[in-house]
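The structure appears below as structure tokens.
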Amino acid sequence: MDAGYVADLVKDFTVRLSAIADEFSERADVVSDAAPLADQPGKPEQGSKIAAVRELIEGRQLRHRFLPAELFHEPAWDMLLTLYVCWHDNRVINVKSLAGSTKAPLTTCQRWIDHLAKLGLVTRNADMVDRRRIEVFLSDSGRQMLERYLSEIGQDR
């Protein structure tokens, strides 16, 4: 191989790695500069609500230990609960990880994510580093609907 060609490849690779490192650095700065959750606008103290949602998720997962999985075909609800926890924890989740939070196949979850997006309950964005990955977020209206539900069932106390 020509030494100049290899040198050009190494330079190109270095530039690409530098861009990725910059992206991760910017993301880390955003996370580290974030105010505590209780101080962020739009995120009032959520302790009891988030605890209730975590209990709902745990209970829904526990069902699979005792009953056949085919009885539970609600990946949309499981995904909404998971997205609420991600919103609260200021975490980003991609389609594959979100689908993994359910006991449903990836293709089923993708169809549900499409439907939830059409209903305005979730939004999707391409990952800034890997454009092939899609990040899923609970929309403001989706969060508000879940919080109204939690209030109605008495989980906000």
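The values are calculated or read from the model by the stated rules, or taken from the named source; none is laboratory data. Treat the numbers as computed from the prediction; the structure is a model and nothing was measured. So basically every Cβ, Gly included, is an ideal-geometry build from the backbone, and we count neighbours across all protein chains shown. Surface areas here come from the heavy atoms of the whole protein model, side chains and all, with no ligands, DNA or RNA. Shrake-Rupley method; radii C 1.70, N 1.55, O 1.52, S 1.80 Å.
Tell me which helices (runs of 4 or more DSSP H) are completely within region 60-157 and hold 1 or more residues being farther than 18 Å from Lys49 by Cα and open to solvent by 60 Å² or more (accessible area, probe 1.4 Å), or say none if there are none.
95-100, 106-118
For region 107-123, give me the residue count where each residue is within 20 Å of Gln144 (Cβ to Cβ) and modelled with pLDDT under 95.
0
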